[in-house]
């Protein structure tokens, strides 16, 4: 598997970790809201609600919304698909939106959709029971860096919003976006994964975390190169 190289876990800057912890300890306010149902589901929504449809119905989706564009996107495209929506406010700023319990009509929109993004998320969640991907903290895990140059990246139609949101909210220093795949095992076949080929096309650094049985338990997306996808060049 020459497209993978074993690496040490990334150690975040202690001062930055302390800053984040202090921010999390700040007083916060929770505001519950209700949103009207929508009659369509976007590619952005498909990516983040997939675990609720293909896995556990109780899965909570928690997304950062630290600027106006992100807030608008999540409130208009993702949140309307849930019955339990909580806005998390810190320092009078909307910091996060927590969403749980997907609406039945939204599940049907997902299941009936034939856009390319559906196949991408079905590749991410290959088995129905996502709880099987949970990992015991007592078992050792290995970190593997993906050589993006060795992968044939995949361009997916109508994913500009996904790329913009991920780069805007997660590709900063000491931050990352983590996906929890199901049914993934380390092998050269994984190089053909359409989810990996899609993500590697715009995320600067992708790491796979695998247990002693070669089961992939997490996909870490981060920016260790001071570059991210140029949203001006998107499709």
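The values are calculated or read from the model by the stated rules, or taken from the named source; none is laboratory data. Every value quoted in this text rests on a predicted model; they were computed, and no experiment measured them. With ideal geometry, Cβ positions are generated from the backbone for all residues, glycine too; neighbour counts draw on all protein chains shown.
Quick test for you: out of 231, 217, 194, pick the one residue that is at pLDDT 95 or above and under 23 Å from residue 116 (Cβ atoms). Step by step, each of 231, 217, 194 is checked, and only 194 is at pLDDT 95 or above and under 23 Å from residue 116 (Cβ atoms).
Tell me yes or no: at least one residue of the range 130-151 is at pLDDT 95 or above, loosely packed, with under 14 Cβ neighbours inside 10 Å and within 25 Å of residue 57 (Cα to Cα). No: the range 130-151 contains no residue that is at pLDDT 95 or above, loosely packed, with under 14 Cβ neighbours inside 10 Å and within 25 Å of residue 57 (Cα to Cα).
Within the range 67-118, restricting attention to residues that are over 20 Å from residue 38 (Cα atoms), touching a residue at least 12 places away in the same chain (Cβ under 8 Å) and loosely packed, with under 14 Cβ neighbours inside 10 Å, the residue that is nearest to the chain's Cα centre (by Cα) is 67. The set of residues in the range 42-64 being out of contact with any strand residue (DSSP E or B) (no Cβ under 8 Å at 6 or more places or on another chain) and assigned to a helix (DSSP H, G or I) consists of 43, 44, 45, 46, 47. Restricted to the range 178-206, and to residues there that are assigned to a helix (DSSP H, G or I) and within 14 Å of the chain's Cα centre (by Cα), the residue that is nearest to residue 143 (Cα to Cα) is 196. Taking the range 171-209 as the range and being buried (at least 18 other Cβ atoms within 10 Å of the Cβ), farther than 16 Å from residue 147 by Cβ and out of contact with any helix residue (DSSP H, G or I) (no Cβ under 9 Å at 6 or more places or on another chain) as the test, the residues that pass are 171, 209. If we scan the range 15-28, do we find a residue that is modelled with pLDDT under 95, surrounded by 12 or more Cβ atoms within 10 Å (Cβ to Cβ) and over 30 Å from residue 208 (Cβ atoms)? Within the range 15-28, one or more residues are modelled with pLDDT under 95, surrounded by 12 or more Cβ atoms within 10 Å (Cβ to Cβ) and over 30 Å from residue 208 (Cβ atoms). In the set 76, 31, 119, 105, only one residue is farther than 29 Å from residue 182 by Cα and either in contact with a strand residue (DSSP E or B) (Cβ under 6 Å, 6 or more places away or on another chain) or assigned to a helix (DSSP H, G or I) (or both); that residue is 31.
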